[in-house]
């Protein structure tokens, strides 16, 4: 990366704003953003699976706690959730070297916690909707084959629910990428944080923010393209026969 | 005098005023979003390829860029941009057009949120317009109504029934988006709570009531939407269609 950047210096031709050091900053921001969003999405996805199954259960003690969780996280701004996680850890002053102190020393961890729980709440609802939309005939057929509830869940309901949830989940991924811009408010140098730094250093809002907007756009459309490809692969059976 | 449980270490009144400001930003951006959404939906459904391209470019731009980045661009860049335009007008007109437009956090925030939600509204309205029966418009035309009359008397009220659930969802998205104006320095309830939290090292005392504030606003708007739904569903039998 450093070699590439020093080579880039010749092409920049003495540009006032986009120097080797600001480009390196944007690069670090890109790495931080992608890392934060990717890890939050993966853990959130893993959490949302059992949550969605619980949310679709008929037992009240399984269903309502998950409902309350998704309701609270979806009805309040992510910024507040981020602040609660960040200040919550920052002000407890745990002993040095403990697990809690890693949380309060590095804003990345509280941000990861808030983002993970937030995306888990949205994804749970997406999967719940997809599970509920399973056609009755499929369930009846599975029961007629003598499948138990858990086997039916594993073999019939979840595989088709995943496919139905795919387009909506793609939107959630893009939403999360955009929402992660607020990480810059809690001292994390993400893409938006890098853009803000460049703006305040050179007082050039247009190059600083338009460049970062383009980067986000490339990422968003990349994700969109990826999900389109996945849909083409996994939803073959829904395509019109020609 | 406020009761003790609403005092919040003296921040109670400021939190309340911040809540009103949140509501103001939300309502103003809803208005901007509804107008832009109607315009963009009409552009996307129009026969002119040029207008369709503008509508598509608008919604694509919004889908690709984070709300906070747009808000910062408008807030930090808006003043420079507006000044450049007014300076240019001043020099072109030889000094007759002399004006100064101030871009503060309130205008920048409301315009950005309205602009973003307008793109969401455009999709909602587009679907709703397509759901209105063509026969209704043909009947209006047969009665000799002018295009604008047909729009406001027939097309719009019939479309609203299909658009209301979408508008309700967009309103909730918008309401949460208003929290971002605290980042560009507007004293909404999030900003006041953030300041109070940092001054008092009390992470939950201020932030959780503000979160509840959002829940309350969302709950109250639910009632308004139920009333609107009843109004625009007049004459529709459930399970019809």
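Structure summary
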item	result
Extreme residue, surrounded by the most Cβ atoms within 10 Å (Cβ to Cβ), among residues of segment A:56-90 that are touching a residue at least 60 places away in the same chain (Cβ under 8 Å) and either within 14 Å of chain B (Cβ to nearest Cβ) or assigned to a helix (DSSP H, G or I) (or both)	A:83
Yes/no for residue B:74 being more than 14 Å from chain A (Cβ to nearest Cβ), surrounded by 15 or more Cβ atoms within 10 Å (Cβ to Cβ) and in contact with a helix residue (DSSP H, G or I) (Cβ under 6 Å, 6 or more places away or on another chain)	no
Qualifying helices (runs of 4 or more DSSP H) (wholly inside segment A:128-186; at least 1 residues being within 14 Å of another protein chain (Cβ to nearest Cβ) and under 21 Å from residue A:43 (Cα atoms))	A:158-179
Failed criterion for residue B:207 (all others in (1) crowded, with 21+ Cβ neighbours inside 10 Å; (2) under 15 Å from the mean Cα position of the chain (by Cα) hold)	(2)
Complete set of residues in segment A:91-111 that are in contact with a helix residue (DSSP H, G or I) (Cβ under 8 Å, 6 or more places away or on another chain) and part of a helix (DSSP H, G or I)	A:100, A:102, A:103, A:104, A:108, A:109, A:110, A:111
Total residues in segment A:197-217, condition within 25 Å of residue A:186 (Cβ to Cβ) and either at the interface with chain B (Cβ under 8 Å from one of its Cβ atoms) or exposed (fewer than 15 other Cβ atoms within 10 Å of the Cβ) (or both)	12
Filter result (at the interface with chain B (Cβ under 8 Å from one of its Cβ atoms) and surrounded by fewer than 16 Cβ atoms within 10 Å (Cβ to Cβ)) within segment A:219-242	A:221
Failed item in (1) touching a residue at least 12 places away in the same chain (Cβ under 8 Å); (2) more than 21 Å from residue A:221 (Cβ to Cβ); (3) within 14 Å of another protein chain (Cβ to nearest Cβ); (4) not in a loop (DSSP other than H, G, I, E, B), with residue B:120 passing the rest	(2)
Checking residue B:135 against (1) part of a helix (DSSP H, G or I); (2) in contact with a helix residue (DSSP H, G or I) (Cβ under 8 Å, 6 or more places away or on another chain), the condition it does not meet	(2)
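Any read-out appearing in this document is the output of simple, stated calculations on the displayed coordinates, not a laboratory observation. These figures come from a predicted structure and were not determined experimentally. Here Cβ is always computed from backbone atoms with ideal geometry, including for glycine, and neighbour counts include all displayed protein chains.
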